[in-house]
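Below is one structure; the comments refer to it alone.
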Amino acid sequence: QVQLVESGGGLVQTGGSLKLACEVSGGTFRDYAMGWFRQAPGKQREFVAAISRSGGRTQYLDSVEDRFTISRDNAKNTVYLRMNNLTPEDTALYYCAARIDGYTRRYVGDYNYWGKGTQVTVSS
């Protein structure tokens with residue numbers, strides 16, 4: 001019913017930037033907190049960033065806080081992740097997720113709906 005579709009991934013050199021987008025359909029986007037997670041091969045899925053239903057509160061993984069910005073456009077049912085100054089350590093499959101209670105959380109299990117991911121690859 002609720003579908004999340006990520007876009008914007010790609011290949012970029014170290015120091016480059018990408019902007020990811022996640023469009024939500026089939027649900028009430030304005031009610032959801034939205035999160036971004038990532039998973040590299042051989043590693044667990046990890047929290048990257050989250051934004052509350054209103055956009056008034058954000059949370060970030062410490063290692064990306066100074067470089068990444070999460071935002072949302074409720075009129076477009078879309079959440080974004082702007083990523084600057086990328087490094088090879090940022091290489092991963094990036095997932096968009098929705099939490100129905102509207103509050104930001106950092107744990108994978110606290111999110112209800114997931115996209116299929118978009119690949120971000122940062123070359124040395």
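When the Cα centres of segment 5-36 and segment 65-124 are compared, how far apart do they sit, in Å? What the calculation gives is 6 Å, centre to centre. Computed 3J(HN,Hα) for segment 46-58, one whole-Hz value per residue from the Karplus formula 6.51 cos²θ - 1.76 cosθ + 1.60 where θ = phi - 60°, is 10, 5, 10, 7, 8, 9, 6, 4, 8, x, x, 10, 10, glycine and proline marked x.
Summed over the residues of the chain and divided among them, the accessible surface reaches 52 Å² per residue at a probe radius of 1.4 Å. Only protein atoms count toward the accessible area here, which uses a 1.4 Å probe; on the chain, the carbon and sulfur part of that area reaches 43 percent.
With Kirkwood's inverse mean 1/r over C-alpha pairs for Rh, give me the Rg to Rh ratio of the chain, two decimals please.
Here Rg/Rh amounts to 0.94.
Spacing of the modelled spin labels on Arg106 and Leu11, each 7 Å from Cα toward Cβ, amounts to 3.5 nm. Computed from phi, the 3J(HN,Hα) profile of segment 12-29 under the Karplus parametrisation 6.51, -1.76, 1.60 (θ = phi - 60°) reads 9, 7, 3, x, x, 10, 9, 10, 8, 9, 9, 9, 10, 9, x, x, 9, 3 Hz, with x in place of Gly and Pro.
In summary, the aspartates and glutamates within cross-link reach of Lys19, defined as a Cα separation below 20 angstrom excluding same-chain residues under 8 places away, comprise Glu6, Glu46, Asp62, Glu65, Asp66, Asp73, Glu89, Asp90. Name the residue from Gly27, Thr91, Phe47 whose Cα lies farthest towards the positive end of the charge dipole of segment 23-124, charges +1 on Cβ of Lys and Arg and -1 on Cβ of Asp and Glu. Looking along the dipole axis, the top candidate is Gly27.
The values are calculated or read from the model by the stated rules, or taken from the named source; none is laboratory data. Remember, predicted model here, so these are calculated numbers, not experimental data. Don't worry about glycine lacking a Cβ; one is built from the backbone with ideal geometry, like all the others, and counts go over all protein chains shown. Note: areas computed on protein heavy atoms with side chains; ligands, DNA, RNA excluded. Shrake-Rupley method; radii C 1.70, N 1.55, O 1.52, S 1.80 Å.
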